[in-house]
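The values are calculated or read from the model by the stated rules, or taken from the named source; none is laboratory data. Keep in mind that this is a model prediction, so the values were computed, not measured. Using ideal geometry, Cβ is built from the backbone for each residue, glycine included, and neighbour counts are taken over all protein chains shown.
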Amino acid sequence: MLSGNEHLLEPITSVAKTEFATLHRDCTVAEALELVRRKGRKLGDKVLYFYVVDDDERLVGVLPTRRLLTSPPETGLSHIMVRKVLSIPDTATVMEGCEAFVMHKLLAFPVVDSSRHIVGVVDVGLLADEAFDIAEREETNAVFESIGVRISQVRDAGPWRAFTFRFPWLLATIASGTACAVLAGWFEMTLAESLILAFFLTLVLGLGESVAVQSMALAIQALRSTEPSIAWYVRRLGREGLSVILLGVSCGLIVGLIAWAWRGTALEGFVIGASIFLALGMAGFLGLSVPSLLHALKLDPKVAAGPLTLALADLSTLLIYFSLAALLL
């Protein structure tokens, strides 16, 4: 199987169906229906159009199934067929076949050679399959890129090559995790005085990382089709800021109330809720800013942004969480 979208450059004949329904132009509707009944399953599972041919088997018309079934039995096919037939040449690629469906909105196209002989048929399922396949590959690539790995780099790589691609980003995670541990150590007394902070630490970090990844994914998606500028960044920051504020207020209020109800201390619940609000705001800011900055520096934001954004989000979340607790508790 070809990687990426290279299979779209394959000839259309590689995906064309060889089972298709042809009728002679001199037939009547009654004769055509009788022929259809005799051929049965040989016509394939799904007949969208009947293709009308002449004595030399050259394509001269197309007959929609509905028109064949609703016309009087004695009517000749040459009188009810559509003479202007849109077809795809057998020299076309899969990509060109997909473009034909998008442009003309038909359910199927005959594939013909230079002499107008039908060599196959492609239906709209081809376009649907290709669209789904591309979307699935992009989604898979996005998942890998968010953790700092291109799927094309590791798909067929040997153990050592895969290790060299993946290990540097794990080192980044180790470094950020160590920095977080050191940062937590600075607030050891705060943790000892308010044990509930330790109970909600994982939750607060998880919320920060989730919002950072969401904002980063939206930013990277926008950067694919937009050349960023200061004005673009300000507009994007305003839009993302409003969303993150709503997320921060909602999550902070819910978790703060849970902490208050559980431990019975309003101040601790407020500290945890307010920390979540501020941490999510910073996470959203980082999720937008890091990819934008990498793009401005001509670096690939899709690969580098993930580990860097998550590391900065974790550090900022912990700093906000413990600093606010040390200040108010």
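For the range 170-246, no helices (runs of 4 or more DSSP H) sit wholly inside it while including 1 or more residues that are aromatic (Phe, Trp, Tyr), free of Cβ contacts under 8 Å to residues at least 24 places away in the same chain and farther than 26 Å from LEU329 by Cβ.
Has the range 265-286 got at least one residue that is in a helix (DSSP H, G or I), at pLDDT 85 or above, over 28 Å from VAL182 (Cα atoms) and assigned by TED's automatic domain parsing to the domain that holds THR178? Give the steps one after another, and end with the answer.
Of the range 265-286, the ones in a helix (DSSP H, G or I) are 266-286.
Narrowing the set further to residues that are at pLDDT 85 or above leaves 266-286.
Adding the requirement that they be over 28 Å from VAL182 (Cα atoms) leaves 266.
From what is left, the residues that are assigned by TED's automatic domain parsing to the domain that holds THR178 are 266.
Checking the range 265-286: at least one residue is in a helix (DSSP H, G or I), at pLDDT 85 or above, over 28 Å from VAL182 (Cα atoms) and assigned by TED's automatic domain parsing to the domain that holds THR178.
Per the listing PRO73, PRO110, the residue uniquely modelled with pLDDT of 90 or more and assigned to a strand (DSSP E or B) is PRO110.
Screening TRP262 with (1) modelled with pLDDT of 90 or more; (2) aromatic (Phe, Trp, Tyr); (3) within 25 Å of GLU193 (Cβ to Cβ) gives one miss only, at (1).
Residues in the range 193-213 that are aliphatic (A, V, I, L, M) and under 17 Å from PRO307 (Cβ atoms): LEU205, VAL211, ALA212, VAL213.
Within the range 163-184, the set of residues being hydroxyl-bearing (Ser, Thr, Tyr) and at pLDDT below 80 comprises THR164, THR173, SER176.
A residue that is touching a strand residue (DSSP E or B) at 6+ places or on another chain (Cβ under 9 Å), under 28 Å from LEU33 (Cβ atoms), loosely packed, with under 15 Cβ neighbours inside 10 Å and of a type in the set (Lys, Arg) cannot be found anywhere in the range 67-78.
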